[in-house]
Amino acid sequence: MTTSTAAKYGTVRRAVTVRVNGRNMTREVSTRTTLADFLRDELDLVSVHLGCEHGECGCCTVLFDGHSVRSCLMLAVQADGHAVETVESLSVNQAELHPIQEAFAEEQGLQCGFCTPAMVLRTKEIIETGREMTDAEVRHEISGILCRCTGYQNIVNAVQSAGTKLRGRTAGGRD
């Protein structure tokens, strides 16, 4: 461990096993390492974006046991024995987009892309509730993630479009 790493995270270390994007990952981490830093620095999952590092912007949102959490506010050791999903989990084949990603592209629900991974994961969680939502309800559900570019309407459109796509796939028995 380098001096700068020890200064930032401390020297007390612990082994953790986390199921990340469907695969068990065991690493030794400092007990002060955030889940965001663990995902980015240890596992090279750079879709986890760090904005404010205070839990305000929501750009570091990941799914933790299926529910959205701000990974900058959690410690990696808290994830021991749990499942974490990042946007990389959505598409096994990088040449094919997941229907949620397709909807974001089609509806132009992204611009700079900084909040997009968090919005896409939140969309997955919203759709998995199984209920259709009004635009106002979708706005409320995504309100914890700040987007500085789109004005949100295209994101709302993308969430609605993704829900339609995925409900159609399920209803058609293709999943």
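The values are calculated or read from the model by the stated rules, or taken from the named source; none is laboratory data. What you see is a predicted model, and the numbers here were worked out from it, not measured in a lab. We place every Cβ from the backbone using ideal geometry, glycine too, and count neighbours over all the protein chains shown. Accessible surface is based on the protein model in full, side chains and every heavy atom, while ligands, DNA and RNA are left aside. Shrake-Rupley method; radii C 1.70, N 1.55, O 1.52, S 1.80 Å.
A few comments on the model shown:
- Residue list for the stretch 12-31, restricted to those being in contact with a strand residue (DSSP E or B) (Cβ under 7 Å, 6 or more places away or on another chain) and either among the charged types (D, E, K, R) or at pLDDT below 95 (or both): Val12, Arg13, Arg14, Arg19, Arg27, Glu28
- Residue count for the stretch 13-40 under the criterion of being polar (S, T, N, Q) and crowded, with 22+ Cβ neighbours inside 10 Å: the result is 2.
- From the list Ala136, Ala105, the lone residue that is open to solvent by 10 Å² or more (accessible area, probe 1.4 Å) and farther than 19 Å from Thr86 by Cβ is Ala136.
- So Ser71, is it of a type in the set (Gly, Ala, Ser), farther than 30 Å from Val18 by Cα, open to solvent by less than 60 Å² (accessible area, probe 1.4 Å) and touching a residue at least 12 places away in the same chain (Cβ under 8 Å): no
- Matching residues in the stretch 25-46 - criterion: being in contact (Cβ under 8 Å) with a residue 24 or more places away in the chain and assigned to a loop (DSSP other than H, G, I, E, B): Thr31, Arg32, Thr33, Leu45
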